[in-house]
Amino acid sequence: MIIEKKKSLKEYTTFKIGGPARFFCIVTNKDELIEAINFSKKSKLPFFILGKGSNILVSDDGFPGIAIKMEMKGITYMEDGNTVKVTVASGEDWDTLVKETVEKGFYGLENLSYIPGTVGASPVQNIGAYGSEVKDMIETVHVLDVLKDEYLDLSNEVCKFSYRNSIFKKDPRRYVVLSVTFILNKKGKLNYEYKDLKEYFTYKKIKEPNLEQVRDAIIEIRKKKLPDLRDCGSAGSFFKNVIVSATKAKELTTKYPEMIVHPLNDKKVKIPVAWILDNLCGFRGVKKGNVGTYKNQALVIINLGNATSAEVIALAQKMVDGVYEKTGIEIEPEVEYVI
Ligand SMILES: Cc1cc2nc3c(=O)[nH]c(=O)nc-3n(C[C@H](O)[C@H](O)[C@H](O)COP(=O)(O)OP(=O)(O)OC[C@H]3O[C@@H](n4cnc5c(N)ncnc54)[C@H](O)[C@@H]3O)c2cc1C
């Protein structure tokens with residue numbers, strides 16, 4: 001394995017922003033990973049685990065330690081009656097996995113179609129879209145515990161998944177995900193209750209879509225809503241949606257009767273931040289220097305060409321302040337800032 005010096009990270013992120021990593025390597029197996037971690041320990045430098053860089057913003061000054069890019073590959077299927085256990089190495093491409101499982105007729109991952117990134121990153125923020133979260137299909141996450149220097153098989157419960165969160169996100173330098181075991185179904189039930197999907201199938205006059213039709217619909221909808229990463233840099237939604245108390249939601253809907261809210265239970269209500277940014281703060285399609293927000297989705301900050309991370313952070317701060325001013329809510333970034 002080659003450990004390179006002063007490697008620009010820009011090309012390894014979808015934002016196409018950021019300075020160099022002091023050291024950089026690509027790992028394709030456990031031995032190389034151990035070598036890279038030992039290098040970090042011996043040189044007393046921090047390490048950063050890199051997938052496809054689709055949920056990070058790298059500082060303009062770069063990363064002062066070793067960036068370890070995960071490229072371990074391999075997929076195994078174990079069928080057992082109606083269920084299928086799929087164990088996938090962390091460096092596999094997420095959407096290629098979703099495509100393959102859909103083509104095989106296995107239910108479970110279809111609503112998570114077309115999300116960029118690697119399989120190893122999928123449990124980190126418990127990726128979710130169109131009414132589905134990856135936690136519902138994860139059986140075990142196989143990791144290297146860097147603190148204890150041992151391999152562990154973490155059950156779903158141990159991972160403490162919640163909305164865009166997990167133990168991997170809470171304790172970022174502790175575990176390296178080696179592979180993930182998903183449980184899929186041969187005779188599953190499709191979920192197309194999400195508003196955009198429902199509208200899509202009503203418009204297309206499809207009453208009972210099949211697995212492939214759900215994937216195709218999601219890809220079509222996502223292509224309209226999100227920027228094409230070949231045209232401009234982005235890390236998808238920059239902020240998480242917010243979950244507030246029912247009392248706070250009532251206060252807001254009294255002030256803004258048209259506000260969209262999704263009650264989760266009697267006490268908690270989810271509010272789409274994109275709606276607030278767009279309708280209350282006028283942040284959709286804005287431009288400021290080399291950065292802006294996408295014309296079809298205010299939650300997505302885009303690199304208009306040669307943007308710096310400082311510019312992104314300045315715009316993000318304006319968005320945080322704007323939402324707070326209108327609603328009293330403090331929004332949090334979904335994208336991780338790598339410094
Ligand atoms: C256009 C666009 C649309 C998106 N849509 C969605 C969406 O609908 N839903 C959603 O949830 N996300 C979405 N995202 C965010 C992103 O795709 C996911 O978070 C994805 O899982 C990140 O994968 P990655 O390999 O690029 O991770 P990276 O960005 O490289 O890393 C993200 C984090 O995971 C850690 N990590 C990566 N691999 C490992 C590993 N093997 N072990 C331990 N830690 C690891 C990193 O250290 C970092 O903390 C979108 C992003 C873009 C650009």
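The values are calculated or read from the model by the stated rules, or taken from the named source; none is laboratory data. Quick caveat, the model's predicted, so the values are computed rather than measured. Here Cβ is always computed from backbone atoms with ideal geometry, including for glycine, and neighbour counts include all displayed protein chains. SASA here: full protein model, heavy atoms, side chains in, ligands and nucleic acids out. Shrake-Rupley method; radii C 1.70, N 1.55, O 1.52, S 1.80 Å.
Taking the listed residues K148, K186, the one that is touching an Asp or Glu at 6+ places or on another chain (Cβ under 8 Å), more than 14 Å from the ligand (Cβ to nearest atom) and more than 14 Å from N126 (Cβ to Cβ) is K186, with no other qualifying.
Check the range 156-172 and report whether any residue there is of a type in the set (D, E), open to solvent by 40 Å² or more (accessible area, probe 1.4 Å) and at pLDDT 95 or above. Yes: one or more hits. Which numbered condition trips up D153, out of (1) open to solvent by 60 Å² or more (accessible area, probe 1.4 Å); (2) within 16 Å of the ligand (Cβ to nearest atom); (3) touching a helix residue (DSSP H, G or I) at 6+ places or on another chain (Cβ under 8 Å)? Condition not satisfied by D153: (3). Of everything in the range 261-286, what is open to solvent by 50 Å² or more (accessible area, probe 1.4 Å) and more than 24 Å from the chain's Cα centre (by Cα)? Give them in sequence order. Selection gives N265, D266, K267, N279. Out of the residues in the range 312-330 that are more than 16 Å from the ligand (Cβ to nearest atom) and of a type in the set (V, I, T), state the one that is most open to solvent (accessible area, probe 1.4 Å). Of everything passing the filter in the range 312-330, I313 is most open to solvent (accessible area, probe 1.4 Å). One residue stands out in the range 283-327 among those that are in contact (Cβ under 8 Å) with a residue 40 or more places away in the chain and in a loop (DSSP other than H, G, I, E, B): the one that is farthest from F238 (Cα to Cα), namely G305. Among the residues of the range 91-106, are any in a loop (DSSP other than H, G, I, E, B), closer than 22 Å to I49 by Cα, open to solvent by less than 50 Å² (accessible area, probe 1.4 Å) and of a type outside the set (G, A, S)? Among the residues of the range 91-106, at least one is in a loop (DSSP other than H, G, I, E, B), closer than 22 Å to I49 by Cα, open to solvent by less than 50 Å² (accessible area, probe 1.4 Å) and of a type outside the set (G, A, S), which makes the answer yes. In the set (1) within 14 Å of the ligand (Cβ to nearest atom); (2) closer than 14 Å to F15 by Cβ, V273 fails one condition alone, (2). Taking the range 1-56 as the region of interest, the strands (runs of 3 or more DSSP E) fully inside it that hold 1 or more residues being more than 21 Å from the chain's Cα centre (by Cα) are 4-8, 20-27. Pairing residues of the range 159-179 that are under 16 Å from I37 (Cβ atoms) and in the same structural domain as A121 (by TED's automatic domain parsing) with residues that are of a type in the set (G, A, S) and more than 7 Å from the ligand (Cβ to nearest atom), at Cβ distances under 8 Å and at least 6 apart in sequence or on separate chains, gives L178/A89. Taking the listed residues F39, F48, the one that is of a type in the set (F, W, Y) and in contact (Cβ under 8 Å) with a residue 40 or more places away in the chain is F48, with no other qualifying. Listed by position, the strands (runs of 3 or more DSSP E) enclosed by the range 141-237 that each have at least 2 residues that are among the polar types (S, T, N, Q) and closer than 24 Å to E100 by Cα are 175-185. For the range 201-216, state whether one or more residues are of a type in the set (D, E) and under 28 Å from N296 (Cα atoms). Within the range 201-216, one or more residues are of a type in the set (D, E) and under 28 Å from N296 (Cα atoms).
Would you mention how many residues in the range 192-247 are over 30 Å from K16 (Cβ atoms) and without any contact (Cβ under 8 Å) to a residue 24 or more places away in the chain? Counting residues in the range 192-247 that are over 30 Å from K16 (Cβ atoms) and without any contact (Cβ under 8 Å) to a residue 24 or more places away in the chain gives 17. The numbered conditions (1) within 11 Å of the ligand (Cβ to nearest atom); (2) crowded, with 22+ Cβ neighbours inside 10 Å; (3) assigned to a strand (DSSP E or B) are all true for V86 except (1).
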